[in-house]
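Q: Structure incoming, see below.
The values are calculated or read from the model by the stated rules, or taken from the named source; none is laboratory data. Everything quoted here is computed from the prediction, not taken from an experiment. Glycine also receives a Cβ, built like all others from the backbone with ideal geometry; neighbour counts cover every protein chain displayed.
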Amino acid sequence: MKRRRPAAKLWRIFVPLTLWVLLNPSLQARPEPEVDPVLRDKLAEHLAKQYTEIDQFDAQVWLQVSDQRLQRYMPSQNERLELLRLVYSEATRQQLDPDLVLAVMQIESSFNRFAISRVGAQGLMQVMPFWRLEIGRPHDNLTHVETNIRYGTVILAHYIKVSKNDLVDALGRYNGSRGKLKYPDKVITAWRTRWRNKTRADLPQLIHSCTNYSLKACRYL
């Protein structure tokens with residue numbers, strides 16, 4: 001009996017597999033992100049600024065409570081307090097609830113400043129590195145805590161504004177999963193179950209989102 005050549009077997013597998021990959025967009029290279037010029041300008045402006053220190057007196061209660069909650073993720077108290085000081089400062093500048101920023105960090109990186117996602121997002125708030133090139137700061141280190149938080153809070157605040165305070169839409173934009181509820185649900189659940197410092201009445205964005213979407217997280221209002 002004539003034996004089949006191994007090459008023939010390989011071709012019978014290779015050709016259909018190649019066609020399958022080409023016909024499935026999800027398996028091809030991810031396209032370059034569309035850059036929002038307004039967000040690019042905001043990042044450039046805020047990253048270039050030298051800010052004066054925000055008075056931390058009003059944040060003392062928040063810092064103490066949040067320090068206890070953060071302990072399970074960061075054993076070092078010095079590191080925790082430095083992180084919380086930066087979160088409070090940058091969130092305040094962007095008119096964000098610092099608890100929301102902590103919730104984003106928990107879901108994005110579990111507070112690992114060296115985290116890198118499968119698509120290349122870096123640091124605590126998983127910032128995409130292409131933004132550094134867009135604003136002419138290619139040497140910015142996104143694993144540096146202050147740098148990462150500044151990028152992340154500017155981006156998140158911009159998306160909340162663009163979404164007209166629709167928190168679900170804003171979080172979807174931030175994560176690159178707009179139109180899906182999984183990521184916003186996870187962040188809002190973390191926000192309300194672990195990092196809650198404000199009441200429902202203080203969070204109109206949250207009330208708006210729960211009115212318009214069926215989120216499991218809304219049970220934790």
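Q: Go through region 172-202 and give me each residue that's without any contact (Cβ under 8 Å) to a residue 60 or more places away in the chain, closer than 22 Å to residue 110 by Cα and of a type in the set (Ser, Thr, Tyr).
A: Selection gives 177, 189, 193.
Q: Any residue at all in region 45-59 that's touching a strand residue (DSSP E or B) at 6+ places or on another chain (Cβ under 9 Å), aliphatic (A, V, I, L, M) and without any contact (Cβ under 8 Å) to a residue 24 or more places away in the chain?
A: no
Q: Quick check: anything in region 133-143 surrounded by 14 or more Cβ atoms within 10 Å (Cβ to Cβ), over 17 Å from the mean Cα position of the chain (by Cα) and assigned to a helix (DSSP H, G or I)?
A: yes
Q: When you scan region 146-183, how many residues do you find that are over 14 Å from the mean Cα position of the chain (by Cα) and more than 15 Å from residue 46 (Cβ to Cβ)?
A: Total meeting the criteria: 8.
Q: Moving to a separate point now. If a residue has to be more than 16 Å from the chain's Cα centre (by Cα) and surrounded by 18 or more Cβ atoms within 10 Å (Cβ to Cβ) to count, how many in region 87-98 make the cut?
A: 2
Q: While we're on this one: For region 118-139, state whether one or more residues are of a type in the set (S, T, N, Q) and within 17 Å of residue 171 (Cβ to Cβ).
A: yes
Q: So which residues in region 91-116 are under 14 Å from residue 80 (Cβ atoms) and assigned to a helix (DSSP H, G or I), if there are any at all?
A: Across region 91-116, the qualifying residues are 98, 102, 105, 106.
Q: Being surrounded by 16 or more Cβ atoms within 10 Å (Cβ to Cβ), in contact with a strand residue (DSSP E or B) (Cβ under 6 Å, 6 or more places away or on another chain), touching a residue at least 24 places away in the same chain (Cβ under 8 Å) and not β-branched (Val, Ile, Thr) is true for just one of 205, 122, 106. Which residue is that?
A: None of the others qualify; the one that does is 122.
Q: Step by step: first the residues of region 123-160, then only those that are of a type in the set (Lys, Arg) and in contact with a helix residue (DSSP H, G or I) (Cβ under 8 Å, 6 or more places away or on another chain), then the one that is farthest from residue 110 (Cα to Cα). Which residue is that?
A: 137
Q: Being in a loop (DSSP other than H, G, I, E, B) and closer than 29 Å to residue 36 by Cα is the filter here; which residues of region 168-213 pass it?
A: 176, 177, 178, 179, 180, 181, 203, 213
Q: Just the residues that are aliphatic (A, V, I, L, M), surrounded by fewer than 19 Cβ atoms within 10 Å (Cβ to Cβ) and modelled with pLDDT of 80 or more, please, taken from region 178-202.
A: Of everything in region 178-202, just one residue is aliphatic (A, V, I, L, M), surrounded by fewer than 19 Cβ atoms within 10 Å (Cβ to Cβ) and modelled with pLDDT of 80 or more, namely 181.
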